[in-house]
Amino acid sequence: GESVGLHLPTLSVQEGDNSIINCAYSNSASDYFIWYKQESGKGPQFIIDIRSNMDKRQGQRVTVLLNKTVKHLSLQIAATQPGDSAVYFCAENWGTGFQKLVFGTGTRLLVSP
Amino acid sequence: DTGVSQNPRHKITKRGQNVTFRCDPISEHNRLYWYRQTLGQVPEFLTYFQNEAQLEKSRLLSDRFSAERPKGSFSTLEIQRTEQGDSAMYLCASSLALGTGGNSPLHFGNGTRLTVT
C-alpha cells in the first residue's frame, strides 16, 4: 500500500502479546473516531469505531479507548497474531453530517512468531 | 465479494494524458467518498457524494479533477492533463447514511495506484 513511510513509529511485539497503539487527535469538536488497518497494496480496513459520547468500546480482540480530556485514542489488540502486522491509523471525523476523516500519522505493528 | 471495488488497480500514464478511475461502492451504501494517499502519507479527503449529488469538495481537488456519480451507484474520478504530482493511490470508500443523522463506518476499496511518468 501507500503506507510505507520511512518515518512511521513502529511497535514490535511477539505473537500472543497484547499490543497498544496510541494516537493523538487535534479537533476537540470531533464526534466520531475510527481505527483502520492498512496492509501493503490494500486500502484501509475498518477495525473499530467509537463516538465521542463513549470512552470505551470493545470488539473481537480489539478495544478502543477515548480520552477527550487529552484528545487521545488508543487501540488495544489482545493476543496479537502475525496477521495483525500492518500499519494502523486512527482517524477523526471533521465532517458535519458526513465523514470527512482526518487521519493520524500511523503506527507500524510488527508481530514476530 | 461485496466490498468496494475499484478499477483499474494500477494505471501508468504519461504526463499530460487524461485518466479515469471507476469505483463501485457497497450496493446499499448511498454515500461515496474519494480519498488520495501519496506514498508514505496518510489518506486525504477529496470529495463526497450523497446519492448522485456531489456535496463536498476539498481544496485538494483542482480544476483538473472531476468526479461524477451519475446514477447514484458507481462513481468515476477523472484527472485531466496529469502531472507527476498526481501520482498516488486513489481510494474510494462508501457508507450508509443512518436515520439518526449518523453514518455507518467508511469502508474503503483497495484503490487505484496512479503513476505519472
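Numbers below:
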| item | result |
| --- | --- |
| Vicinal HN-Hα couplings computed from phi for the range A:17-22 (Karplus, 6.51 cos²θ - 1.76 cosθ + 1.60; Hz; Gly/Pro x) | 6, 8, 10, 10, 10, 10 |
| Averaged over A:99-107, number of beta-carbon atoms from partner chains that fall within 10 Å | 5 |
| Hz values of 3J(HN,Hα) by residue in the range A:53-70 - Karplus curve (6.51, -1.76, 1.60), Gly and Pro given as x | 8, 10, 10, 7, 8, 10, x, 7, 6, 10, 9, 10, 10, 10, 10, 6, 4, 10 |
| Principal semi-axes in Å for the protein assembly as shown [√(5λ), Cα gyration tensor, largest first] | 29, 21, 15 |
| Positive-pole candidate from A:Gln14, A:Phe103, A:Asn53, dipole of chain A, charges at beta carbon | A:Asn53 |
| Whole-number percent relative contact order across the range A:24-103, with pairs defined as alpha carbons under 8 Å at least 6 apart | 33 percent |
| Residues of the range B:36-65 with amide N under 14 Å of the 7 Å Cα→Cβ point at B:Gln80 | B:62-65 |
| Two-site label geometry, B:Asn51 and B:Asp63: point separation in nm, points 7 Å out along Cα→Cβ | 3.1 nm |
| Shielding by partners, peptide B:54-65 (average Cβ within 10 angstrom, other chains) | 1 |
| The range B:44-117 and the range A:78-113: distance between their alpha carbon centers, rounded to Å | 20 Å |
| Cα centre as origin, Lys/Arg/Asp/Glu Cβ charges: the protein assembly as shown dipole, Debye | 360 debye |
| Per-residue mean of C-beta atoms belonging to partner chains within 10 Å, peptide B:81-90 | 1 |
| Rg and Dmax [Cα atoms of the range B:26-112; Å; Rg one decimal, Dmax integer] | 13.0, 43 |
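Bear in mind these aren't lab numbers, they're just calculated from the coordinates by the rules spelled out. All of these numbers come straight from a predicted model, not from anything done at the bench. Counting neighbours? That spans all protein chains shown, and the Cβs are built from the backbone with ideal geometry, glycine included.
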